[in-house]
Amino acid sequence: MTDSLARVEPTGNARLRRGLSSWQVVALSIGTMAPSMAINVNPQAAAGIAGRAVPLTLILATFAVLLVSYGFARLSQHFNHAGSVFGLVGATLGPRPGAVAGWLMVGAYLLFGVSAAVTGGILVNDLLTSLGMIAEPSGAIAYGVGAVMVAVGIALAIVPAKKATDLILIFEAVTVAIILVIVAVVVAKLAGGNGPQGQSVDLAVFTPAPGVPFSAITLAAVFGFLSFAGFESSAALGEEAHEPRRAIPRALVGTAIGGGIFYVVVSAVAMMGFGTDDAAVAAFASSGSILGDLGRDYLAPWVGEAVTVGSTISAVGGAVACVLASSRMLYAIARDAAARPTALGSVSPRRGTPVVAAVVAGIAMIVSEVIAGAFAETPLQAYAFVGTIGVLLILVGYLLVTAGAIKLLFVDRAARAAVPMWQVVVPVAALLVLIYVLYKNVWPYPTGVMAWLPAIAIAWLLVAVAVITFAPEMARRIGTRLTAEENLPTEHA
């Protein structure tokens, strides 16, 4: 077995440049997941269902994500491809499912990029309003800032990936540092029982309040699971990492574990900081920025503004990471599917990056932002639109990767170094979790304008299904190029 599927380069001589360190690989997963932004805006929805037990929901979500990460990590030990799930699923389930999975994940990353950019615009709006620079939030400002963030993402996605991933890591590290300072101060005051309303350390946040059934905890865990969306994006650096078959599995599992610890600790301190009675939980659930509110209440008003700035920086990193990930996947799909060299499936000899794919991905994000903004009443609703569709797409992609891992490791056991058979319970459990999360995202079926969101996700899926159905030659090309170095059975093509 050779080092990489990347050596199959039928559409040109230029290749993606290797050399990314393990930390730079981790940076893409962290940037796409954007934990410092997610912990500031996602726990509120869980609190509306699970009450004070938000940290418990995040413990369950972390466990679920670790189950899902198993399949990604195991497959990344065997395959490393710029198309991420396109390559992983294509090499295990065949080129047609691989093309579908790749298309789904491209859509998800594009929409997550829009989500991060719009969130950044919303945060800038809030900052300008709180500083008295504008009278009220402006949609034009929110969308304009979002477009600028995407433009920054394009610029950084076309430079060598080392520079982009370094900046993503710096962006997120700055925000996490601000959050940890707030957490440390809050813990110190809680330990002395010196909260603004007499709050103190209260481990009740890890148990449901009386009258809250465990079914509510599992339902709320769905929102916690979504905070991890994008943790797998480092798989798109399979052709640029220095030691991909070691660095990527470590990045995947490490991001899931590290993100889980961060989410649980910060959410627990935040809930204690607000308080655990009904009124405090209601305030938590309605907060626009839980860490901003804690910063203002426990430190000083300006700290709340600093949190907003930090979260905006995190949003920039998220937008950059999504352009980077989606451009690599677009490049890989175009490279392997095309009968002849194309601009989309080419790498710049000078930069060693897929410049055209990065520009196309960025333009697609800006167009998506414009469309979402045209139909949404507010930027926050636009954020909900694109985020919901992206989540539906990525969940199906996760399902296909997990199914591919089961097939490779436990069905075609002779094809690879076998893992203990008992480990099949891990990906099977992951499948059940994914089906549950997907079900909870579409049922009860949404009404009103939200009813369009699952329909759009299905339409995106059907585009890929139609193309691979009516273009069998393309599917065969993908199969040939994906399997050439891995000696997989030719009937998969």
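Any read-out appearing in this document is the output of simple, stated calculations on the displayed coordinates, not a laboratory observation. Since this is a predicted model, take the numbers as computed values, not measurements. Counting neighbours? That spans all protein chains shown, and the Cβs are built from the backbone with ideal geometry, glycine included.
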Residue-count net charge about residue 139 - beta-carbon cut-off 14 Å; Lys, Arg +1, Asp, Glu -1: -4
R0 of 45 Å, Cβ-Cβ distance residue 471-residue 191: FRET efficiency to nearest 0.05: 0.10
Phi-based couplings in Hz for the range 271-285 (Karplus 6.51, -1.76, 1.60; Gly and Pro marked x): 5, 4, x, 6, x, 10, 7, 4, 5, 5, 5, 5, 5, 4, 5
J(HN,Hα) series, the range 215-231, from Karplus relation 6.51 cos²θ - 1.76 cosθ + 1.60, nearest Hz, glycine and proline x: 4, 5, 5, 5, 5, 5, 5, 4, 5, x, 4, 5, 5, 8, 4, x, 4
Rounded FRET efficiency, nearest 0.05, which uses the C-beta distance separating residue 250 from residue 174 and R0 of 25 Å: 0.60
Ranked list, fewest to most other Cβ atoms within 10 Å of each Cβ, for 23, 103, 422, 460: 422, 23, 460, 103
Residues listed by number, the range 316-343, amide nitrogen under 16 Å from residue 367 label point at 7 Å toward C-beta: 327, 330-331
Whole-Å distance, taken between Cα centres, linking the range 327-356 and the range 72-146: 20 Å
Of 308, 343, 51, farthest towards positive along the dipole that unit charges on Lys, Arg, Asp, Glu beta carbons give the chain: 343
Global geometry of the range 214-358, whether rounded, prolate or oblate, following the gyration tensor of its Cα atoms and the 1.5 cut on a/c: prolate
For the range 112-264: rounded, prolate or oblate by the Cα gyration tensor [a/c cutoff 1.5]: oblate
Modelled FRET efficiency - R0 45 Å, residue 209 with residue 242, Cβ distances, 0.05 increments: 0.35
Residues 232, 243 arranged by fewest to most Cβ contacts within 10 Å: 243, 232
Mean residue ellipticity (222 nm) of the chain, computed from DSSP H runs ≥ 4 via -39,500 (n - 2.57), nearest 500: -23500 deg cm²/dmol
Farthest toward positive dipole pole in the chain [+1 Lys/Arg, -1 Asp/Glu at C-beta], among 272, 94, 318: 94
Which of 329, 173, 141, positive extreme of dipole for the chain (C-beta unit charges): 329
Nitroxide proxy distance, nm - points 7 Å out along Cα→Cβ at residue 340 and residue 411: 3.8 nm
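Sort the range 352-412 into rounded, prolate or oblate with this rule: let a ≥ b ≥ c be the square roots of the eigenvalues of the Cα gyration tensor; rounded if a/c is under 1.5, and if a/c is not under 1.5, prolate when a/b is larger than b/c, oblate otherwise.
Since a/c reaches 1.5 but b/c is at least a/b, the shape of the range 352-412 is classed as oblate.
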Rounded to the nearest 20 debye, dipole of the chain from Cβ charges on Lys, Arg, Asp, Glu: 1460 debye
Inter-label distance, nm, simple model (7 Å from Cα along the C-beta direction), residue 21/residue 129: 4.1 nm
Packing-based exposure ordering (other Cβ within 10 Å, fewest first) of 294, 453: 453, 294
